[in-house]
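See below for the structure under consideration.
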Amino acid sequence: MSKVYRIGIIGCGGIANGKHLPSLSKLDNVELVAFCDIVQERADEAKQKYGTTEAEVYTDYQELLKDESLDIVHVLTPNISHAEISIAALEAGKHVMCEKPMAKTSAEAQLMLEAAERTGKKLTIGYNNRFREDSQYLKKVCEAGDLGNIYFAKAHAIRRRAVPTWGVFLDEEKQGGGPLIDIGTHALDLTLWMMDNYQPKVVLGTTYHELSQRENAANAWGPWDPKQFSVEDSAFGMIVMENGATIMLESSWALNSLDVDEAKCSLSGSEAGADMKNGLRFNGEKFSRLYTNEIELSAGGVAFYDGKSESAPDVEMRKWIEAIENDQEPVVTPKQALVVSQILEALYESARTGKAVYLNNGNEA
């Protein structure tokens, strides 16, 4: 029989119940045996719905980590505690999946990477949009070289009015920022992954608070409280890579725009281009004529991974457990996630100082 992996969950809020727990519960070779949250009722509810009958409940993550029978820990807390908890879990001998972004700061992310390397335990970050069917198809096209040299890209994370009003999303101290670090991070990760380019050279960023102080604003989750809105409502940036490639990053929770896209990218290469704006489209020139091709992802035989149609979180969790089981590198590596955090931090610094920020991180992601 294959090993059954015992998993502990630290943070039993929205992302745990919306993504991790439902997807993990579908796997035959895992058991959800420990739940921790600073609000015990949330941990109790998670245990009741997803846990084994003997699962333990904690309000202190350090107590959970004392359980030597745990193989894996998922860190699903606010950004400010990602590094602290992930490092402690790695040093306690657990493999760790931490939700995105990797950490509040790039220095903390670097410490997480070093802890994974020091302990020999696997660490991955929850960039689940890589596992969508359109993302998987586009990645195969990029790897095949069909786009040629990808020298210009756009990372899209634009909401018209969808400000998260729960939890600590509006708290700069606990999160490190607003839409840039929350949803811009997904778009940037997806774009860098498609380009297979993790060598940023210089960034220029801007952040705005133009709509955050509006009273009774229209919003998908009801009006936000302007007094609590301490992060930006939109942020934009230009990233120039060491090889000269350029990425334009756009992110917003609230913006007067009808051009709304989230966790998508557009790529321009020397041989062809691609975008996820309206489905998955490719464009280029052939026999002296321009073409546009649309990929039908719902057709039979297109679903990935053994012919099964799975949601992105389902695939993400399955591939994570398989990486541990087969002692392989996870799809999202900590080195890649670290570069995302370094770029985001540089964009915030550029916005704060009004100057371009040069990066020379020397990382080979």
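The values are calculated or read from the model by the stated rules, or taken from the named source; none is laboratory data. Remember, predicted model here, so these are calculated numbers, not experimental data. With ideal geometry, Cβ positions are generated from the backbone for all residues, glycine too; neighbour counts draw on all protein chains shown. SASA here: full protein model, heavy atoms, side chains in, ligands and nucleic acids out. Shrake-Rupley method; radii C 1.70, N 1.55, O 1.52, S 1.80 Å.
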Exercise. Measuring with a 1.4 Å probe in the full set of protein chains, what accessible area per residue, in whole Å², belongs to the chain?
Worked result: 45
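What's the long-distance tail for the chain, i.e. % of Cα pairs beyond 26 Å?
Values: 34584 of 66430 pairs.
Summing the P(r) tail past 26 Å for the chain gives 52 percent.
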Exercise. Residue farthest toward the positive end of the dipole of the chain, with Cβ of Lys/Arg at +1 and Asp/Glu at -1: which of TYR198, ALA34, THR59?
Worked result: TYR198
Seminar exercise, completed: One finds the C-alpha centres of the range 38-77 and the range 102-118 to be spaced, in Å, by 23
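For the range 255-298, what percent of Cα pairs sit more than 15 Å apart?
Values: 488 of 946 pairs.
Distances greater than 15 Å cover 52 percent of the Cα pairs.
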Exercise. When all protein chains stay in place, what accessible area (Å², nearest 10, 1.4 Å probe) is found for SER252?
Worked result: 0
Exercise. Quick one: helix 133-144 against the long Cα principal axis of the chain, what's the angle to the nearest 10°, folded into 0 to 90?
Worked result: 60
Exercise. Going from most exposed to least, what order do ASP189, ASP60 have by accessible area with a 1.4 Å probe?
Worked result: ASP60, ASP189
Exercise. What are the ³J(HN,Hα) values, in whole Hz, obtained from phi via the Karplus relation 6.51 cos²θ - 1.76 cosθ + 1.60 with θ = phi - 60°, for each residue of the range 221-231 in sequence order, with x given for Gly and Pro?
Worked result: 10, x, x, 8, 8, x, 5, 8, 7, 9, 10
For this session: Take every DSSP beta bridge whose two residues both sit in the chain, then give the antiparallel share in percent to the nearest 5.
Result: 60
Exercise. Just by accessible area at a 1.4 angstrom probe, what is the order of PHE282, PHE236 from largest to smallest?
Worked result: PHE236, PHE282
Exercise. Ordering TYR358, TYR208 from largest to smallest accessible area (1.4 angstrom probe), what's the sequence?
Worked result: TYR358, TYR208
Exercise. Between the helical axis of 334-353 and the dominant principal axis of the chain, each derived from Cα atoms, what acute angle in degrees is found, rounded to the nearest 10?
Worked result: 60
Seminar exercise, completed: If amide H atoms are modeled at 1.01 Å from N in the peptide plane, then the residues at a separation of 5 or more from THR77, or on another chain, having amide H under 5 Å from its own are GLU99
Exercise. Hey, any idea what % of the range 187-317's accessible area is carbon plus sulfur with a 1.4 Å probe?
Worked result: 47
Exercise. How about LYS201: which aspartates and glutamates have a C-alpha closer than 15 Å to its C-alpha, ignoring those fewer than 8 places off in the same chain?
Worked result: GLU242, GLU345, GLU349, GLU364
For this session: Please give the calculated 222 nm ellipticity per residue for the chain, where each DSSP H segment of at least 4 residues contributes -39500 (n - 2.57) and the sum is spread over every residue; nearest 500 deg cm²/dmol?
Result: -8500 deg cm²/dmol
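With the Cα gyration tensor of the range 135-175 giving a ≥ b ≥ c as the square roots of its eigenvalues, does the rule (a/c under 1.5 for rounded; else a/b larger than b/c for prolate; else oblate) give rounded, prolate or oblate? Don't skip to the answer; put the middle values down first.
Values: a/c = 3.14, a/b = 3.10, b/c = 1.01.
Cα axes put the range 135-175 in the prolate bin.
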Exercise. Rounded if a/c is under 1.5, else prolate if a/b is larger than b/c, else oblate: which is the range 136-282, with a ≥ b ≥ c the root eigenvalues of its Cα gyration tensor?
Worked result: prolate
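At a 1.4 Å probe radius, carbon and sulfur cover how many percent of the accessible area of the range 1-136?
Roughly 47 percent of what the probe reaches on the range 1-136 is carbon or sulfur.
Taking a threshold of 19 Å on the Cα-Cα distance, which of the pairs LYS66/LYS319; LYS154/LYS174; LYS3/LYS26; LYS3/LYS122; LYS154/LYS277 fall above it?
Working: LYS66/LYS319 26 Å; LYS154/LYS174 28 Å; LYS3/LYS26 16 Å; LYS3/LYS122 17 Å; LYS154/LYS277 11 Å.
Checking Cα-Cα distances, LYS66/LYS319; LYS154/LYS174 exceed 19 Å.
Just how large is the dipole of the range 43-179 about the Cα centre, in debye to the nearest 20, putting +1 at every Lys and Arg Cβ and -1 at every Asp and Glu Cβ? Before the final figure, lay out each step's value.
Values: 18 positive and 22 negative charges, 174 e Å.
Dipole about the Cα centre, nearest 20: 840 debye.
Can you give the charge dipole size of the chain about its Cα centre, rounded to the nearest 20 debye, using +1 on the beta carbon of Lys and Arg and -1 on the beta carbon of Asp and Glu? Show your work: numbers first, answer last.
Working: 37 positive and 55 negative charges, 154 e Å.
So the dipole magnitude of the chain works out to roughly 740 debye.
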For this session: At 1.4 Å probe size, with no ligands or nucleic acids counted, give the accessible surface of ARG318 in Å², nearest ten.
Result: 40
Problem set entry | Cα gyration tensor shape for the range 38-82, rounded if a/c is under 1.5, else prolate or oblate | oblate
Problem set entry | 0 to 90° range, to nearest 10: angle between helix 40-50 axis and the chain longest Cα axis | 80
